[in-house]
Each structure stands twice: as C-alpha cells, then as structure tokens.
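Asker: Pasting in a structure now, in structure tokens, and then I'll have a few things to ask.
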Amino acid sequence: MIKQLFPIRHVMGYLASLVLSAAALIVIYGDLSHAANVVVLTVTAIIQASLQLFVFMHIGESADTKKELYINIAYALFVGLITLFGTLFIFVWGWYA
Amino acid sequence: MDLEKFKVHGEPLIYGAMVSIALATIGILVGLTYFKKWGYLWREWLTTVDHKKIGVMYILAALLMLFRGGVDAMMMRLQTAAPEMKFLDAQHYNEVFTTHGLIMILFMAMPFIIGLMNVIIPLQIGARDVAFPRLNAVSFWLFFFGAMLLNISFVIGGSPDAGWSAYFPLASLEFSPTVGNNYYSLALQISGIGTLITGVNFIVTILKMRAPGMTLMKMPMFTWSVLITNIIIVFAFPVLTVALALMMFDRLFGSQFFTMANGGMDMLWANLFWVWGHPEVYIVILPAFGIYSEIIATFSKKNLYGYTSMVFSMVIISLLSFLVWAHHFYTMGQGVMVNSFFSITTMAIAVPTGVKIFNWLFTLRKGRITFTTPMLYTLAFIPIFTIGGVTGVMLAMASADYQYHNTMFLVAHFHYVLIPGAVFAVIAGFHYWFPKVFGFRLNERLGKHAFWWIIISFNVTFFPLFFLGLMGMTRRMYTYSEETGFGPLNMLSFAGAVGLAIGFVLLVYNIYWSTRYMPRDTTSDPWDGRTLEWATPSPIPAYNFAVVPKVKSLDPFWEAKQKKVSLFEDKITKIHLPNNTGKPFILGVIFFFLGFFLVFSMWVPAIVAGVGVIVMLAAMSFDQDHGFYVSAEEVIATEKKLRGETV
C-alpha cells in the first residue's frame with residue numbers, strides 16, 4: 001500500500017535527471033578532448049530525453065493511442081530537426097563568405 | 001532604493017497616460033464598491049472555471065487591448081502625417097511602434113482567437129467543458145497579468161523600444177539600457193506559458209471529448225482549424241520560451257548568448273525569434289480560416305465545398321509554417337543557396353492557401369447567400385487577403401526582397417494579411433456567435449455602418465503604404481523631410497486611420513445599443529446554423545448540453561433540422577461539473593509581481609514571489625476537489641426555463 005502511495009518512480013527519475021545534468025558539467029570543469037566532450041553531451045542528452053519521455057510523459061502507457069503517439073513524435077522530430085539543421089544551414093553551411 | 005528608475009520623464013502625453021490610468025483604476029474600484037459588486041466579481045468571474053466565462057473575459061481583454069494598440073497606431077499615423085512633425089520624439093515613437101506590434105499580435109489577436117476558441121469549441125464538439133477547466137483558468141490569468149505587466153511599462157520605467165521583434169544587438173543591455181526590454185522578456189514569457197497551457201488543453205479536449213459519432217472527419221471546420229493551431233502552439237512556443245529565457249539571462253544576469261562578444265551571436269536571436277514567429281502568424285490566421293468557413297457555409301446555406309481538401313491544406317500549411325522562417329531576414333548575410341531554399345518553401349505556402357480561397361468561392365457558388373454583418377466581413381476578407389497574399393509572394397522572392405526589405409511596402413503587406421486574416425475574422429466571429437453567448441443579436445444596421453467605415457478606411461490607410469514603400473520610405477522612421485515627397489500619401493493614410501477609429505467606435509457603440517434595445521432571441525438559433533453550438537439554448541446553461549448529442553454526419557444540427565429528428569436521444573441524468581477556484585487568479589497575481597520585481601532586478605522580493613509561485617503550484621497539485629453534481633431534476637427545471645419545454 002505504502003509503496004503505491006509513494007511515487008518512487010518519479011522521485012528516482014528526478015534524481016537521475018539531476019545526476020545527468022551534473023554529469024554534463026564535466027565538459028566545462030573537466031579537461032577532456034573536444035571529441036570526448038561531444039560524446040559526453042550526446043550520451044547524457046539522449047538518456048535525459050528518454051528519461052523525460054518514459055518517466056514523466058508516460059510514453060507507452062496506453063495501447064489504444066499508439067497511432068497518435070507516433071504521429072506526435074514524428075511531428076516533434078520534424079520540428080526539432082528542421083530548427084536544428086535549418087539553423088546550421090543558415091549560419092554555417094550556407095553562410096555567405 | 002533608487003526611485004529614479006521607476007520614473008518616465010518629459011512627455012506631457014505620458015503624464016496624461018499616467019493620470020488616465022490612475023483615474024480609470026480609481027473609477028473601477030469606486031464603482032465596484034459603490035454598486036457592491038466585489039462579491040459578484042469574485043464569485044462569478046475571477047474564480048470561474050467555466051469555459052464560456054473565461055472566453056468572454058479573453059474577448060473583453062482583447063477588445064481593451066485593441067483600443068490600446070489602436071491609440072498607438074493613431075499616434076504613429078499622426079506623427080508621420082506631415083513632414084517634420086513634432087508630436088512625438090524619436091524615443092517615444094520607438095516605444096509606441098514596439099508596443100503597438102506586441103499588443104496587437106500577442107495581447108489582441110491571440111486572446112481574441114483564444115477567447116472565441118474557449119466559448120465555441122466545447123459547444124461545437126458537444127462537450128460540457130474543456131478537458132482541464134482549472135488549467136484553463138490558469139492560462140487566462142497568466143495571459144492577463146502578462147498583458148498588464150507590459151502595459152504598465154508605459155508609465156513605470158519605460159516601454160520596450162527595440163521593435164516588436166527586439167533584434168539583438170539593439171535589444172541588448174549595452175544598447176538598450178532602460179528596463180523596457182526586461183518588460184519585453186518577462187511579460188511575453190508569462191503570457192506565453194499561459195498560451196502553451198491553452199495549447200495542451202485544447203488538443204486534449206478536441207481529441208478526447210467529442211460527442212459520440214463525431215469522428216475526426218466529421219468535425220466542424222473551426223474545430224479542425226483550432227486543433228491544428230494548438231498543435232502549432234505546442235511545437236512553436238517552446239522556442240519562444242527558450243529564446244526569451246536566454247534574453248532574460250543576457251539582460252539581467254550578464255550572460256552572453258546574443259551579444260557580440262565572448263562567443264555570443266546576435267543573429268541567433270533573430271533566427272530563434274522567427275522560428276517561433278512565423279508559425280505564430282499561422283496561429284492567428286488558421287482559426288480565422290475556420291471562422292470564415294463556418295460563416296460562409298451558414299450564410300450560403302450549403303455545406304462547405306471540399307471539406308477534405310480544406311483539412312489537408314491546413315495540415316500542409318502547419319508543416320510548411322515551420323520551413324520558412326529565414327524569409328524574415330533574407331538580407332542578414334546568408335548565401336544564395338539558403339535564400340533560394342526559403343524562397344521556394346515560402347512560395348509553396350501560397351498553394352494550400354489558394355486551395356482554401358477556391359473552396360470558399362465554390363461554397364458561395366449557387367448558394368443562397370444572405371448578406372449579414374459577419375458575412376460581409378467574410379466576403380471583404382477574400383479579395384483583401386488575396387492582395388496581401390500576392391504582395392507576400394512578391395516579398396518571398398529573395399532577390400526582389402533586397403528592395404522591399406524594411407520598407408513601408410512590408411508594413412502594408414502584413415497589415416493586408418493580418419487585418420483581414422485575423423481582425424476581420426474575429427469581428428465576424430464576434431458578430432456571429434454573440435447571440436449564442438448573450439441571447440440577443442447585435443444590430444445589423446449599425447453593424448453594417450461600422451463595416452463600411454472599417455473596410456473603406458482600412459484600404460485608405462494601408463494601400464498608400466505600398467507606394468510609400470516603393471518610393472523608398474523605410475519603416476520605423478519617426479519623421480522625414482519635405483523633399484522626400486512622402487507627405488501627401490502619409491496624410492492620406494492618416495485620414496484613413498481616423499476613419500478606422502470611427503468604425504471601431506461605431507462597433508463598440510453597437511454593443512452598447514444592442515444591449516439596451518435589441519429584442520431577445522427566443523429561438524437560440526438566429527442564423528439557421530449548422531453545427532452543434534446552435535443546438536444548445538441561448539444563453540448557454542453552465543453544463544452546455546443537458547444530454548450529450550449523438551452525431552451522425554457533418555453539420556449534425558442542420559441535418560437534424562432537415563429530417564426533423566432530435567440529436568438528443570438519452571434521458572437526462574445528473575451532470576458532473578467542476579467547482580470554482582480562486583487559486584489560478586492568485587497564481588496570476590504572484591506571477592505579475594515576480595515579473596515586476598525581476599524587471600527592476602529587485603532580487604529579494606523576486607525570490608519571495610518565486611517561492612510564492614512554487615507554493616501555489618504545489619497547493620494546486622494537492623487539491624482534492626472533485627467538483628459537484630447538478631441533479632437531474634435541476635437540469636430539467638433549467639431546460640424548461642430556457643426552452644419552454646423538455647428535451
């Protein structure tokens with residue numbers, strides 16, 4: 001009973017995301033190579049994002065809304081990637097120089 | 001503490017504004033006390049979670065902001081009416097055009113549309129309220145106090161003055177040292193969070209709470225447009241949230257995201273702003289398309305032509321709206337490849353928009369058209385918006401844009417798109433749905449008078465700006481010399497602005513006149529409507545539908561009237577409704593103070609207010625309020641009173 005009342009999953013998720021955020025600080029305070037920094041950021045970011053999706057946003061909880069879920073994720077990826085690569089396209093690859 | 005920074009000096013106009021704000025506030029407070037309306041105000045409005053009342057409050061706030069933004073516009077037109085005018089100085093002019101843009105887009109067009117959404121969407125889908133009624137109240141109060149925060153900037157500390165797009169480096173602490181742009185980042189942030197919550201709320205409402213039988217492809221077009229709009233809100237607003245947060249860090253805490261030193265990049269602000277800003281344009285335009293679709297179908301007595309293509313064109317517009325943002329800064333320095341890409345995507349948007357225009361025209365074809373006030377606005381929208389759209393395609397050509405960029409041609413273009421696209425739509429929707437909410441129509445004669453004033457004056461005001469732009473007049477210049485030859489056309493434009501003002505005064509007078517003298521509508525369906533909102537009695541009872549309707553087709557109410565069958569088959573049972581709550585209002589007030597203290601970097605009070613926000617959020621999370629039930633007998637009695645018969 002007490003186990004159900006206490007949101008252990010969410011508390012653990014919260015702590016984990018704090019740890020991940022702190023771990024990413026290695027990039028600033030540590031003395032790693034550029035490549036290693038990028039790896040650290042990418043790995044922590046991916047774990048962080050999936051943590052949010054699975055623990056706090058209840059992805060995969062209900063089976064009947066799978067289609068809407070995938071449409072949503074596709075749309076989010078579309079907007080996110082467009083913004084990211086569009087910005088790179090404007091300021092880096094396509095910059096007039 | 002240094003009181004100097006609160007003061008705004010020098011201008012008799014600002015002192016006038018201070019006095020009028022103070023007098024209005026005192027007037028409202030005294031009036032409320034004298035008529036003993038404090039309790040009524042608190043019980044019926046400030047604590048309400050009813051989507052209809054929240055919608056009405058949104059619309060009232062939007063009308064108020066329309067007049068604030070309108071006065072800004074008049075001041076600008078007066079200042080530029082003749083060469084070397086001395087009405088406003090450069091600084092004051094900068095503040096006025098900045099707040100005009102901010103208020104008209106974020107605190108007039110958006111809340112007006114969200115207000116109509118609030119009133120109509122649950123009714124159109126046969127629901128009793130939105131999915132999260134309390135969250136809806138939170139949305140409203142965050143928007144409202146965000147708007148108030150921006151409005152007080154005019155008299156306390158100074159308004160933002162770097163344009164509504166607040167481009168860096170101009171908007172940075174180095175070049176705009178006043179608190180104006182602090183107000184910008186915080187007021188927009190607070191109301192932006194409210195909008196984001198609205199987005200989530202309405203997506204859930206539309207996807208989950210439709211009446212049985214209403215499949216996605218049987219939804220009314222306004223509901224479709226609102227669904228797509230809210231999806232755009234949910235994906236676009238986080239970009240603004242992040243950009244504003246970075247701006248706040250830059251201005252308050254000395255970070256260097258958008259400065260030109262220490263690895264900062266000023267142009268990244270313009271980039272992020274328009275990644276949000278372009279979808280924002282469609283956030284205000286798409287619901288307008290929905291409103292027009294409803295009105296055209298109703299007053300042509302036909303179902304909407306090309307329903308499926310309407311839906312798909314909106315979906316395509318929503319995707320394309322995220323692919324065009326760089327067309328706002330073709331001249332910033334990116335190469336030919338980038339500009340060509342964004343040029344092509346921009347022109348592509350004209351295709352689905354064209355599909356919609358043709359669908360409306362084909363709906364009108366062979367229809368039995370009645371020329372009511374909302375229909376007149378709709379019919380005027382089609383040609384005027386097309387002029388706006390075609391000049392938009394002219395601007396979309398990157399190489400030609402080097403000529404038009406930042407001239408009055410652009411100003412004319414976006415007013416030609418936004419005023420028919422958003423303002424006419426909300427006015428049309430306002431006239432159309434007014435009898436649903438208040439139980440009587442607005443006077444048609446006065447409405448048409450206002451319409452002709454507005455339509456003609458609109459063109460007189462903004463058409464000359466196309467030519468001024470081509471003659472080389474840039475936007476945002478506060479005065480010009482006589483030799484430029486800009487004088488006569490600017491004077492013409494000012495004359496148009498006066499006409500517009502008369503039109504809007506007539507519109508408000510119509511509300512006053514109709515409230516006093518218009519006969520009450522007893523049919524609850526004054527326009528011979530097609531969709532479910534007209535199946536409820538007017539004014540609408542708190543629970544909307546005594547019995548949840550069963551939907552079998554598009555335009556279910558029309559179908560039911562034709563076949564003389566009832567939409568309501570079930571028996572009346574008890575109805576579950578949410579309780580009112582004062583917490584969203586209090587949360588809004590605390591947010592207002594948090595914003596205000598942050599604007600002036602008053603850290604200790606800001607931290608106190610910040611803790612207050614967290615405490616309120618926690619209190620709302622642990623709320624154990626399960627609402628109440630209206631008994632079946634009570635529902636039957638109410639229905640009898642409203643309809644004169646049981647359902």
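Asker: Let me confirm something: among B:A348, B:A412, B:A326, B:A400, which residue is out of contact with any Asp or Glu (no Cβ under 6 Å at 6 or more places or on another chain), at pLDDT 95 or above and either within 14 Å of another protein chain (Cβ to nearest Cβ) or part of a helix (DSSP H, G or I) (or both)?
Answerer: Sole residue among the options that is out of contact with any Asp or Glu (no Cβ under 6 Å at 6 or more places or on another chain), at pLDDT 95 or above and either within 14 Å of another protein chain (Cβ to nearest Cβ) or part of a helix (DSSP H, G or I) (or both): B:A412.
Asker: List every residue pair whose Cβ atoms lie under 7 Å apart, where the two residues are 6 or more positions apart in sequence or sit on different chains, the first residue falls within the range A:81-97 and is within 8 Å of chain B (Cβ to nearest Cβ) and under 8 Å from B:Q334 (Cα atoms), and the second residue, located anywhere, is of a type outside the set (S, T, Y) and in a loop (DSSP other than H, G, I, E, B).
Answerer: Short answer, once both residue conditions are applied: A:G94/B:G335; A:W95/B:G333; A:W95/B:G335; A:Y96/B:G333; A:Y96/B:G335.
Asker: Considering only residues that are part of a helix (DSSP H, G or I) and surrounded by 20 or more Cβ atoms within 10 Å (Cβ to Cβ), look in the range B:329-340 and name the one that is nearest to the other protein chains (Cβ to nearest Cβ).
Answerer: Selected residue: B:V338.
Asker: Out of all the residues in the range A:73-83, is one or more loosely packed, with under 12 Cβ neighbours inside 10 Å, farther than 28 Å from B:L216 by Cβ and modelled with pLDDT of 85 or more?
Answerer: The answer is no; no qualifying residue exists.
Asker: I've got another one for you. Tell me whether the range B:36-49 contains one or more residues that are among the polar types (S, T, N, Q), in contact (Cβ under 8 Å) with a residue 24 or more places away in the chain and either surrounded by fewer than 18 Cβ atoms within 10 Å (Cβ to Cβ) or not in a helix (DSSP H, G or I) (or both).
Answerer: yes
Asker: Just one of (1) over 25 Å from B:I316 (Cα atoms); (2) over 15 Å from the mean Cα position of the chain (by Cα); (3) of a type outside the set (D, E, K, R) trips up B:G194, so point out which.
Answerer: So the condition that B:G194 fails would be (2).
Asker: Considering every residue within the range B:313-321, establish whether at least one is closer than 28 Å to B:L410 by Cα, within 14 Å of chain A (Cβ to nearest Cβ), in contact (Cβ under 8 Å) with a residue 24 or more places away in the chain and not in a helix (DSSP H, G or I).
Answerer: Yes - at least one qualifying residue is present in the range B:313-321.
Asker: Something else now. Quick one: would you say B:T461 is among the β-branched types (V, I, T), under 20 Å from B:V96 (Cβ atoms) and crowded, with 18+ Cβ neighbours inside 10 Å?
Answerer: yes
Asker: Given (1) closer than 30 Å to B:Y509 by Cα; (2) of a type in the set (V, I, T); (3) modelled with pLDDT under 95; (4) in a helix (DSSP H, G or I), identify the lone condition not met by B:T370.
Answerer: Among (1) closer than 30 Å to B:Y509 by Cα; (2) of a type in the set (V, I, T); (3) modelled with pLDDT under 95; (4) in a helix (DSSP H, G or I), B:T370 violates only (4).
Asker: Is one or more of the residues making up the range B:240-263 in contact with a Phe, Trp or Tyr (Cβ under 6 Å, 6 or more places away or on another chain), within 12 Å of another protein chain (Cβ to nearest Cβ), of a type outside the set (A, V, I, L, M) and not in a loop (DSSP other than H, G, I, E, B)?
Answerer: No, that holds for no residue.
Asker: Moving to a separate point now. Being closer than 21 Å to B:I456 by Cα and out of contact with any Gly (no Cβ under 7 Å at 6 or more places or on another chain) is the requirement here; does B:L507 meet it?
Answerer: yes
Asker: Continuing with this model, one more query. Report whether or not B:V234 is free of Cβ contacts under 8 Å to residues at least 60 places away in the same chain, more than 22 Å from B:Y167 (Cβ to Cβ), in a helix (DSSP H, G or I) and touching a Gly at 6+ places or on another chain (Cβ under 8 Å).
Answerer: yes
Asker: Please state which of the following conditions B:M117 fails to meet, knowing it meets all the rest: (1) closer than 30 Å to B:M616 by Cα; (2) touching an Asp or Glu at 6+ places or on another chain (Cβ under 9 Å).
Answerer: (2)
Asker: What's the number of the condition B:S293 fails, among (1) farther than 21 Å from B:F381 by Cβ; (2) part of a helix (DSSP H, G or I); (3) more than 14 Å from chain A (Cβ to nearest Cβ)?
Answerer: Answer for B:S293: the failing condition is (1).
Asker: Being within 20 Å of B:V275 (Cα to Cα), free of Cβ contacts under 8 Å to residues at least 24 places away in the same chain and among the aliphatic types (A, V, I, L, M), is that true of even one residue in the range B:181-192?
Answerer: No; the residues of the range B:181-192 include none that is within 20 Å of B:V275 (Cα to Cα), free of Cβ contacts under 8 Å to residues at least 24 places away in the same chain and among the aliphatic types (A, V, I, L, M).
Asker: Moving to a separate point now. Take the conditions among the aromatic types (F, W, Y) and within 30 Å of B:N182 (Cβ to Cβ) and apply them to B:W558. Does it pass?
Answerer: Against the criterion (among the aromatic types (F, W, Y) and within 30 Å of B:N182 (Cβ to Cβ)), B:W558 does not qualify.
Asker: Pick from A:L41, A:L69, A:L53: which is out of contact with any helix residue (DSSP H, G or I) (no Cβ under 9 Å at 6 or more places or on another chain) and either assigned to a helix (DSSP H, G or I) or more than 14 Å from every other protein chain (Cβ to nearest Cβ) (or both)?
Answerer: Exactly one of A:L41, A:L69, A:L53 is out of contact with any helix residue (DSSP H, G or I) (no Cβ under 9 Å at 6 or more places or on another chain) and either assigned to a helix (DSSP H, G or I) or more than 14 Å from every other protein chain (Cβ to nearest Cβ) (or both), namely A:L69.
Asker: Against the definition (out of contact with any Asp or Glu (no Cβ under 6 Å at 6 or more places or on another chain), modelled with pLDDT of 95 or more and buried (at least 22 other Cβ atoms within 10 Å of the Cβ)), how does B:F222 come out, yes or no?
Answerer: no
Asker: Of the numbered conditions (1) of a type outside the set (D, E); (2) farther than 24 Å from B:V281 by Cα; (3) at pLDDT below 95, B:W453 satisfies every one except a single condition; which is it?
Answerer: All conditions are met except number (3).
Asker: Then there is this: State yes or no: is B:V56 surrounded by fewer than 19 Cβ atoms within 10 Å (Cβ to Cβ), within 29 Å of B:A131 (Cα to Cα), in contact (Cβ under 8 Å) with a residue 24 or more places away in the chain and among the aliphatic types (A, V, I, L, M)?
Answerer: So B:V56 passes the test.
Asker: Any idea which of B:G126, B:G115, B:G69 is modelled with pLDDT under 95 and in a helix (DSSP H, G or I)?
Answerer: From the options B:G126, B:G115, B:G69, the qualifying one is B:G69.
Asker: Would you check which residues across the range A:20-37 are surrounded by fewer than 13 Cβ atoms within 10 Å (Cβ to Cβ) and in a helix (DSSP H, G or I) and list them?
Answerer: Listed by number, the residues that qualify are A:S21, A:A22, A:I28, A:Y29, A:H34, A:A35.
The values are calculated or read from the model by the stated rules, or taken from the named source; none is laboratory data. Treat the numbers as computed from the prediction; the structure is a model and nothing was measured. Neighbour counts are summed over all protein chains in view; Cβ atoms, including those assigned to glycine, are modelled from backbone coordinates with ideal geometry.
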